[in-house]
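Working notes for the structure below.
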Amino acid sequence: MADMIKPVPLVPAIPNNTKINIPMESYHVENAKKNFQVQSIIYMLSVIIGGGLLTYYISGKSLKPIKNLSSQIKNITTHNLSKKIDVPNAKDEIAELTTSFNEMTDKLSNAFTSQKQFSANAAHELRTPLAVLQTKVDVFKKKKDHTTVEYDSLIDVLETHTHRLSDIVKNLLDMTNMQEIELNESINLYSLLEDILYDLEDIAIKKHVTLDLSDDNAFVYGNYNLLHRAFYNLVENSIKYNRKNGNVSVNIKSTKNDVTVVVCDTGIGIPSEMQSQIFNPFFKVDKSRSREMGGVGLGLSIVKNIIENHGGSIIVKDNKPRGTCFVVTLKNIK
Ligand code: ADP
């Protein structure tokens, strides 16, 4: 019974010696498939290469201004900070960046120039008394025997010029250290100015100058000693550079937000073309006169530093009919 059941092949067996006839159509399909594969590889490669080249070209073109900018920036050193970088004509981000860069180098260049000027002026001011001291000592050494008068005269010169040197050094140090001082006291400006006028009364009497102070209950935040020093300098200058029988008036006026202190004198005045430089360190209107008065031209620059450190401002203007006015504005805390 088992011999009788034989598995039936699913595909009918083809005898070995039979030739199969593949139809022409299926040959063409195979060929087309191959061609398609080769062509798609060629297209793909050309798209990749073409795309790559195009990207390289476009990115190269768009990065050119950045490369230009970077190579120009590399050529800028501390010696040619004032040199300007060419701003591209296009109104894009690169042009904006170049303009900002030019503005920044402008500010740096100005800061470097004023620092150089400051050092040169400081060196000059220190050199003058040192040169006087050296000459006096050299002359003194050349002679063997000296009279008491000669000794006294040498000591006088030594005293005057060492004082001058230490004043300059002290002022320079104060200017550098001012940023670190705390400004957290509540100050009554009227009593501060009253103290200053009281301290300067004797000098004013000697110069035949009268002093006036207007009353106003104004308070500001800050450092008492620094503000005392600033207003002392202003009032002292107003007496120093005044005329005989002249007057110095100090007016305090407070508004909602600000306090204005106006120090006016009837003195020799400051030529208008010099008023913009008056707050520069070591600036003097009349060198010989300042020296005579014991000034080195640092007073007003210290005053400006102090007022600006307190968030305020100071300007100078002519007093009518003669003299000068300094207008200081500070924040009112009332
Ligand atoms: P100094 O210590 O030499 O007085 P300042 O910085 O205080 O230096 O002043 C600078 C210059 O400004 C002085 O040389 C002086 O000629 C001028 N000056 C300052 N205040 C007055 C003023 N009230 N009237 C006229 N000239 C002034």
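Read-outs throughout are calculated quantities, based only on the coordinates presented, and are distinct from any laboratory measurement. Keep in mind the model is a prediction, meaning the values are calculated, not measured. No Cβ is skipped: glycine too gets one built from the backbone with ideal geometry, and neighbour counts run over all protein chains shown.
The table below gives the values:
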| read-out | value |
| --- | --- |
| Cut-off 16 Å, label 7 Å out along Cα→Cβ of LYS143, residues of segment 150-174 by amide N | 150-158 |
| Contour minus Cα-Cα distance for SER313 and MET178 (0.36 nm per residue) | 47.0 nm |
| Segment 261-321: C-alpha gyration tensor shape, a/c 1.5 cut-off, then a/b vs b/c | oblate |
| Ellipticity estimate at 222 nm from DSSP helix runs (n ≥ 4, -39,500 (n - 2.57)) divided over the chain, nearest 500 | -19000 deg cm²/dmol |
| Segment 277-329-segment 103-127 distance, computed between alpha-carbon centres (Å) | 19 Å |
| Spacing of the two label points (7 Å from each Cα toward its C-beta) at LYS116 and ILE48, in nm | 5.8 nm |
| Sites TYR151 and LYS83, calculated FRET efficiency, Cβ-Cβ separation with R0 45 Å, nearest 0.05 | 0.15 |
| P(r) tail fraction, segment 31-97 - alpha-carbon pairs more than 16 Å apart, % | 66 percent |
| Å³ per residue enclosed by the Cα convex hull of segment 217-258 | 85 Å³ |
| Candidates LYS287, LYS170, LYS34: whichever shows maximal mean-square fluctuation once the chain is modelled as a Gaussian network with Cα springs under 10 Å | LYS34 |
| Helix runs (DSSP H) in the chain reaching 24 Å along axis by Cα, Kyte-Doolittle at least 0.0 | 24-74 |
| Taking the C-alpha atoms of the chain, convex hull volume expressed per residue in Å³ | 465 Å³ |
| Length-normalised contact order of segment 241-334 in % [C-alpha pairs under 8 Å, at least 6 apart] | 34 percent |
| Max mean-square fluctuation residue, GNM over the chain, Cα-Cα springs under 10 Å, options TYR241, TYR221, TYR198 | TYR198 |
| Positive minus negative residues near LEU130 (Lys, Arg vs Asp, Glu; Cβ under 13 Å) | +1 |
| Radius 11 Å from Cβ of ASN121, net charge of other residues (Lys, Arg +1; Asp, Glu -1) | +2 |
| Two-decimal log10 I(q)/I(0) for segment 178-334, as the Debye equation yields it once each C-alpha is a single scatterer, q = 0.17 Å⁻¹ | -1.00 |
| Volume per residue that the Cα convex hull of segment 121-198 spans, once the total is divided by residue count, Å³ | 139 Å³ |
| GNM top mover of SER186, SER109, SER26 - the chain, alpha-carbon springs below 10 Å | SER26 |
| Coordinate range along principal axes, alpha carbons of segment 190-255, Å, largest first | 36, 22, 16 |
| Dipole magnitude of the chain, debye to nearest 20 (Cβ charges: Lys/Arg +1, Asp/Glu -1, about Cα centre) | 1460 debye |
| Gyration tensor verdict on segment 235-283 (Cα atoms; rounded if a/c is under 1.5, prolate if a/b is larger than b/c, oblate otherwise) | oblate |
